Amino acid sequence: MWAGAAAGLLALTLGACSLAPRHDPPVPELPAGWNDAALDTATGEPAADWWRQFGDPALDQLIDQALGENLDLAFAAARVEEARALLAGSRAELWPTLDAQVNASRQHGAAAAGTGQVRNLYSVAAVLGYELDLFGRLRSASEADRARLSESVYSTEALRLTVITDVIAAYLDLRTAERQLAITEDTIGARQAALRLEQARLRLGAGTELTLRQAEAELASTRAVAATLRDTARRSETALALLTGATPRQIIDTSTPPGAIDGLALPAALPRVLPSELLARRPDVRAAEAALRASNADIGTARAQWFPRISLTALVGSDALRVGDLFSGPAQGWSLGSALVAPLLDFGRAEAQVAGALARRDQAEILYRQTVQTAFAEVRDALTALRESQARAQAQADAVRALERTLALAQLQYRGGRGLYLDVLVAQRSLFAAQIDHTAAMRDARLGAATLFKALGGGWTG
């Protein structure tokens with residue numbers, strides 16, 4: 001009998017109505033394609049660990065360490081566990097509760113058998129409680145927590161992409177600063193040699209003080225650039241230490257495995273993906289959709305406050321004046337009960353909760369639309385940045401080769417007495433600037449590739 005009644009109540013509850021509106025996320029107007037050859041003609045699909053395409057073991061090591069030790073990711077993982085626990089709790093609300101109740105009391109007066117004597121009273125009971133979820137309040141709450149768990153998981157994945165890209169950016173900044181510092185130190189050596197030459201020429205009467213002072217100024221300005229680059233390199237190392245979850249001692253004693261900016265290969269192929277697939281791949285878009293689904297379920301929870309709550313209780317136990325008599329036949333008993341609590345006058349509390357839930361659903365929908373807009377804007381910008389940075393890097397490489405020849409000719413003419421020292425200075429400055437810019441363009445091209453993969457939701461697999 002008890003099993004049949006429980007099954008009937010469960011079926012009644014599961015078949016209850018839901019007051020949450022139908023979840024229909026907005027459908028954005030999407031293009032048919034990307035209108036960009038970089039994606040439309042893609043021939044390969046990177047693996048999930050797409051950063052390994054750069055072919056740099058030091059970068060791989062840093063990213064692996066960040067994924068395991070980054071404190072932001074650890075915090076996000078704890079938030080996921082919290083959301084999972086909340087979901088487990090809301091699911092448990094759908095099922096009955098079974099409690100053990102043990103009471104012991106000492107009474108005097110009319111309550112003690114009406115004799116005015118002091119009596120002891122002992123009781124042991126099992127209490128079964130169950131709320132009939134006729135209006136979907138509990139199920140709506142469970143659905144909201146389920147959606148929030150999904151939101152937390154997708155948000156963590158979005159953070160994972162951000163951490164990976166930040167590590168790549170900091171690593172590229174470090175390698176760029178190291179390469180630029182090496183270029184600067186080579187330039188310092190060349191300008192020290194030029195200064196010694198001008199000092200010798202002045203002693204021999206073949207040079208002028210003006211030329212000597214120009215050489216001194218060029219050397220000093222290049223040393224200032226070197227100091228700035230050393231500071232940039234150290235700051236980049238600190239950023240990498242923080243991203244990889246280093247302890248305070250490790251931050252102070254940080255050291256990065258050796259590597260070179262030109263050792264990072266550009267990905268040979270980009271992922272083939274349709275615009276509609278972007279919405280299913282970007283974790284931030286999926287997190288926003290899950291947040292919208294949760295806010296929609298919250299409306300059902302709020303609307304259920306308008307309707308009665310029906311609770312059922314069943315008790316089986318024993319009452320006795322002595323502990324030894326608790327489980328005797330005459331002491332045993334049972335009871336069944338039900339309770340209905342219906343709102344009569346709450347001065348607009350339930351209505352305000354519904355209005356707030358509706359407003360939060362509207363906010364979540366707006367955030368979802370904004371997230372979709374941002375996704376497509378980031379893909380477009382990342383494609384442009386990748387393409388133009390590659391073109392800029394090639395142009396800067398051509399300029400470096402031309403200026404190297406220009407400097408060689410200027411030095412040859414000056415030493416042969418047929419040219420001015422100003423021509424040498426101009427050629428040196430131009431070559432130094434072009435070498436620095438070329439290194440920065442190499443960094444931008446590789447960072448552009450990483451940013452594009454992030455904008456596309458990470459790596460792609462077949």
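Numbers for the structure displayed
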item	result
Check on Leu94, in contact with a helix residue (DSSP H, G or I) (Cβ under 9 Å, 6 or more places away or on another chain) and surrounded by 16 or more Cβ atoms within 10 Å (Cβ to Cβ)	yes
Matching option when the condition is in contact with a Ser or Thr (Cβ under 6 Å, 6 or more places away or on another chain) and of a type in the set (A, V, I, L, M, F, W, C), among Ala200, Ala158, Ala170	Ala170
Any pair with Cβ under 7 angstrom, 6 or more apart, that starts in region 257-277 at a residue that is closer than 28 Å to Ile183 by Cβ and in the same structural domain as Gln373 (by TED's automatic domain parsing) and ends at one that is buried (at least 16 other Cβ atoms within 10 Å of the Cβ) and at pLDDT below 75	Pro267/Pro46
Hey, Leu425 part of a helix (DSSP H, G or I), buried (at least 18 other Cβ atoms within 10 Å of the Cβ) and on the phi < 0 side of the Ramachandran plot or not	yes
Qualifying residue in region 171-188 (condition: part of a helix (DSSP H, G or I) and at pLDDT below 85)	no
Condition check for Gly44: in the same structural domain as Ala288 (by TED's automatic domain parsing), within 28 Å of the chain's Cα centre (by Cα) and at pLDDT below 60	yes
Selection count where residues are assigned to a helix (DSSP H, G or I) and not acidic (Asp, Glu), scope region 248-302	30
Per-region count, region 390-416, residues modelled with pLDDT of 90 or more and of a type in the set (S, T, N, Q)	3
Search result, residues across region 125-159 that are polar (S, T, N, Q) and within 22 Å of Arg309 (Cβ to Cβ)	Ser140, Ser142
Residues of region 202-254 that turn out to be among the basic types (Lys, Arg) and either in contact with a helix residue (DSSP H, G or I) (Cβ under 7 Å, 6 or more places away or on another chain) or not assigned by TED's automatic domain parsing to the domain that holds Val167 (or both), as a count	2
Hits in region 155-206 (condition: farther than 30 Å from Asn70 by Cα and of a type in the set (A, V, I, L, M))	Ala182, Ile183, Ile188, Ala190, Ala193, Ala194, Leu195, Leu197, Ala200, Leu202, Leu204, Ala206
Which listed residue is in contact (Cβ under 8 Å) with a residue 24 or more places away in the chain and either among the acidic types (Asp, Glu) or out of contact with any Phe, Trp or Tyr (no Cβ under 6 Å at 6 or more places or on another chain) (or both), from Arg360, Arg418, Arg405	Arg360
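The values are calculated or read from the model by the stated rules, or taken from the named source; none is laboratory data. As the structure is a prediction and not an experimental result, all values here were calculated from the model. Methodologically, a virtual Cβ is constructed for each residue, glycine included, from the backbone with ideal geometry; neighbour enumeration extends over all protein chains shown.
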